[in-house]
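*Asks:* Can you keep this structure in mind? I'll have questions shortly.
Values quoted throughout were computed directly from the atomic coordinates according to the rules given, and no laboratory measurement underlies them. For clarity, every value in this text was computed on a predicted model and none was experimentally measured. Neighbour counts run over all protein chains shown; Cβ positions are idealised from the backbone, glycine included.
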């Protein structure tokens, strides 16, 4: 039979031994080093990606229209997460290394949630902004002025502050998890705060994204069908423009690049009525939308699932340590994904980056 505990030397008395349950054994040094190494790689990628995109947006004022100011705000949240939170997560990943008290741990968790909520709220604003700009182009300039854009950005931060400060006044509690070498929320101690966090992190944002992009994709199919069913390219452009004015649907080539006419197609196929073309086009547009939603679920889904699970299960002792580590990696992976999904997929921004690197 295997033993359910192991001997560990007391740091205060090297001659005394205590029986520590295997379920509460802290992560090994090798585990901590691997976790920290992967985190450092993710953080470097995120730092470079966000900085390059931020520099491009700042160098070209014409790119900083209202929509891209939301993207710039998203870059700021990622950079703050990388610079102010991530180094502490890397440092405490080494076993037995947590020199500070639980008050600092609470502050660290709240800061993590502040930047994460600000990021999530910004993604919701971006989804609604794209919906309005594509489906209601004629009224979009009046609806989304620069001043309204700034108010929305301020609103994302005000909401994030309100969503992240409850642990400071006793609604929710954070503590250092010695087994997993991590500052974390004690989700099971406050089911009400856990529910609020999960609804704010994943359920409401996901519903908004699905609804907005579903409507946009449906409109894209209608406009694209008109474009490809015409006999001549000039007639197709004219018909799609008329449809855009009739339906209030307009597509800028920088909304989502996948919704452009593929430049790689030969002229004969661009002007033909080949029924296979719309399917290829719709498939590519669907992949872009899927990438946006899937990347969001991949980063925050496991974290929210763990929070819900903690209401019924002691995740600090029952969940394998490597699972916790993977969830940490995925949480910070979003800082690497955002610049690509919301920046580098735009043709204009890619061109500016290429010009800057020449």
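*Asks:* Return the FRET efficiency for the residue pair residue 58, residue 151: r is the Cβ-Cβ distance, R0 is 25 Å, and the value is rounded to the nearest 0.05.
*Replies:* Using R0 = 25 Å, I get an efficiency of 0.70.
*Asks:* How many angstrom lie between the C-alpha centres of region 117-152 and region 284-353?
*Replies:* Comparing the Cα centres of region 117-152 and region 284-353, I get a distance of 23 Å.
*Asks:* When the chain is fully extended, how far beyond the present Cα-Cα distance does residue 353 get from residue 48, taking 0.36 nm per residue of separation?
*Replies:* Residue separation times 0.36 nm, minus the Cα-Cα distance, leaves 108.5 nm.
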